[in-house]
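Here the structure is laid out as structure tokens; the discussion comes afterwards.
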Amino acid sequence: MTDVLKIENLSVEFQLPDGVVEAVRDLNFTLREGETLAVVGESGSGKSQAFLAIMGLLAKNGRAKGSAKLGDVELVGMPPRKLDKYRGKDIAMIFQDPMTSLNPTLRLDQQLSEVLVEHQGIEHNAAVKAGIEMLERVGIPEPAKRARRYPHELSGGMRQRVMIAMALLCRPKVLIADEPTTALDVTVQAQMLDLFKDLTTDLGTALVLITHDLGVVAGIADRMMVMYGGRAVEKGTTDELFYDPRHPYTLGLLHSTPHVEQKGKRLDPIRGLPPNLEHLPQGCSFNPRCAFAFDKCRQERPPLERFDANRSRACFYDGEMSYEKAANE
């Protein structure tokens with residue numbers, strides 16, 4: 001498979017009144033055509049900021065360093081006007097809240113057609129027709145009728161589908177979905193995930209799924225990257241991380257996720273709180289919450305190192321890692 005997005009040593013920092021805060025540090029990964037990568041972590045782990053940096057959408061006090069190559073095109077540091085050639089066309093992003101992402105004063109057909117008129121120079125009527133066809137493809141019933149409505153006239157699930165349709169109109173090489181199922185009920189979530197699977201298969205689009213919900217990841221992602229405190233702490237295939245987690249944080253995430261077979265049992269949340277990025281603990285950022293931490297963990301920051309053909313982790317602990325053992329530590 002062809003590499004469509006290559007990230008090397010990507011860091012994101014924000015200038016605050018009290019100094020500089022590094023929200024993302026030395027992120028590295030490659031995304032291949034038709035592949036789905038799940039980026040997982042609690043709020044504040046840096047997962048959304050990393051991809052906003054790639055899209056050139058950081059806040060004014062934010063700055064990205066490193067490299068983000070879309071094919072042979074370097075995105076980091078590219079002026080906004082030049083980035084507009086690629087955003088929405090070759091790389092697109094679906095944001096968490098479709099109500100704030102869609103323009104409430106314009107009908108949906110106007111918003112959909114604008115994408116094609118701007119990026120592909122298609123005549124307006126042809127662009128409207130193509131927009132309606134894409135609405136049908138993402139599962140919106142009576143698409144021609146609904147295309148003439150305003151965003152507030154549609155349900156949350158429908159608005160999310162409109163955002164997906166808009167993002168896919170130009171057949172992007174990379175689609176970034178930031179918590180796309182957070183505001184949806186379970187039934188609509190399942191429909192959305194099936195839709196994503198169909199789209200990556202049919203169009204060859206590479207999908208990045210940013211989420212804190214491991215239940216969303218299980219049936220759709222090929223690979224996972226777990227982030228904590230602004231860094232990647234474990235990477236590997238989805239099956240490997242689900243059935244054989246090798247970082248205590250990944251283990252904690254899995255055991256704080258509801259499972260059907262554990263009906264009636266209490267959830268086991270990760271103790272403590274995520275770190276303050278302005279005052280990260282010395283050593284491993286996870287050590288204050290980790291049942292396996294020892295002296296070295298509190299003094300040195302573990303590098304992200306490969307330990308298997310397709311797996312890497314940032315952890316010094318090399319013994320048995322099970323939740324039962326963690327609970328007894």
Fill in: Hits in the range 136-161 - residues which are under 17 Å from residue 186 (Cβ atoms), crowded, with 18+ Cβ neighbours inside 10 Å and without any contact (Cβ under 8 Å) to a residue 24 or more places away in the chain
158
Item to complete: Consider residue 200 carefully, then state whether it is more than 12 Å from the chain's Cα centre (by Cα), among the hydroxyl-bearing types (Ser, Thr, Tyr), assigned by TED's automatic domain parsing to the domain that holds residue 49 and within 17 Å of residue 165 (Cα to Cα).
Response: yes
Fill in: Test: residue in the range 280-301 that is in a loop (DSSP other than H, G, I, E, B), of a type in the set (A, V, I, L, M) and either in contact with a helix residue (DSSP H, G or I) (Cβ under 6 Å, 6 or more places away or on another chain) or assigned by TED's automatic domain parsing to the domain that holds residue 254 (or both)
yes
Worksheet item: Does any residue of the range 213-224 turn out to be assigned to a strand (DSSP E or B) and out of contact with any Gly (no Cβ under 6 Å at 6 or more places or on another chain)?
Response: yes
Worksheet item: Is it fair to say residue 165 is among the hydrophobic types (A, V, I, L, M, F, W, C), more than 24 Å from the chain's Cα centre (by Cα) and not assigned by TED's automatic domain parsing to the domain that holds residue 72?
Response: no
Worksheet entry | Hits in the range 110-159 - residues which are part of a loop (DSSP other than H, G, I, E, B), out of contact with any Pro (no Cβ under 7 Å at 6 or more places or on another chain) and closer than 24 Å to residue 97 by Cβ | 138, 139, 140, 141, 147, 148, 149, 154, 155
Item to complete: Run down 194, 202, 239 and say which single residue is assigned to a helix (DSSP H, G or I), closer than 21 Å to residue 4 by Cα and without any contact (Cβ under 8 Å) to a residue 24 or more places away in the chain.
Response: 202
Response to the item:
The residue that is surrounded by the most Cβ atoms within 10 Å (Cβ to Cβ), considering only those in the range 188-212 that are among the aliphatic types (A, V, I, L, M) and over 26 Å from residue 75 (Cβ atoms), is 192
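Can you name the residue in the range 71-126 that is among the small types (Gly, Ala, Ser) and either within 23 Å of residue 145 (Cβ to Cβ) or surrounded by fewer than 18 Cβ atoms within 10 Å (Cβ to Cβ) (or both) and is also nearest to the chain's Cα centre (by Cα) among such residues? Let's see the steps before the verdict.
Step one: filter the range 71-126 for residues among the small types (Gly, Ala, Ser), giving 71, 77, 88, 92, 101, 113, 121, 126.
Next, from what is left, pick out any that are either within 23 Å of residue 145 (Cβ to Cβ) or surrounded by fewer than 18 Cβ atoms within 10 Å (Cβ to Cβ) (or both): 71, 77, 101, 113, 121, 126.
Details: 71: 19, 77: 21, 101: 17, 113: 26, 121: 30, 126: 32 Å.
Among residues in the range 71-126 that are among the small types (Gly, Ala, Ser) and either within 23 Å of residue 145 (Cβ to Cβ) or surrounded by fewer than 18 Cβ atoms within 10 Å (Cβ to Cβ) (or both), the one nearest to the chain's Cα centre (by Cα) is 101.
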Worksheet item: Of the residues 77, 66, 56, which is free of Cβ contacts under 8 Å to residues at least 60 places away in the same chain, part of a strand (DSSP E or B) and either in contact with a strand residue (DSSP E or B) (Cβ under 9 Å, 6 or more places away or on another chain) or over 30 Å from residue 193 (Cβ atoms) (or both)?
Response: 66
Worksheet entry | Residue selected from the range 302-311 under the condition at pLDDT 95 or above and part of a loop (DSSP other than H, G, I, E, B), by the criterion surrounded by the fewest Cβ atoms within 10 Å (Cβ to Cβ) | 303
Item to complete: Among the residues of the range 80-105, write down those that are outside any strand (DSSP E or B) and touching a residue at least 60 places away in the same chain (Cβ under 8 Å).
Response: 88, 89, 90, 95, 96, 97, 98, 99, 101, 102
Practice prompt. Determine whether the range 1-18 contains at least one residue that is within 30 Å of residue 245 (Cα to Cα), touching a Pro at 6+ places or on another chain (Cβ under 7 Å) and either at pLDDT below 95 or not hydrophobic (A, V, I, L, M, F, W, C) (or both).
Written response: no
Item to complete: Please indicate, with yes or no, whether at least one residue in the range 167-187 is out of contact with any His (no Cβ under 8 Å at 6 or more places or on another chain), surrounded by fewer than 21 Cβ atoms within 10 Å (Cβ to Cβ), at pLDDT 85 or above and in a loop (DSSP other than H, G, I, E, B).
Response: yes
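The values are calculated or read from the model by the stated rules, or taken from the named source; none is laboratory data. Values in this document were obtained by computation on a predicted structure and should not be read as measured data. Using ideal geometry, Cβ is built from the backbone for each residue, glycine included, and neighbour counts are taken over all protein chains shown.
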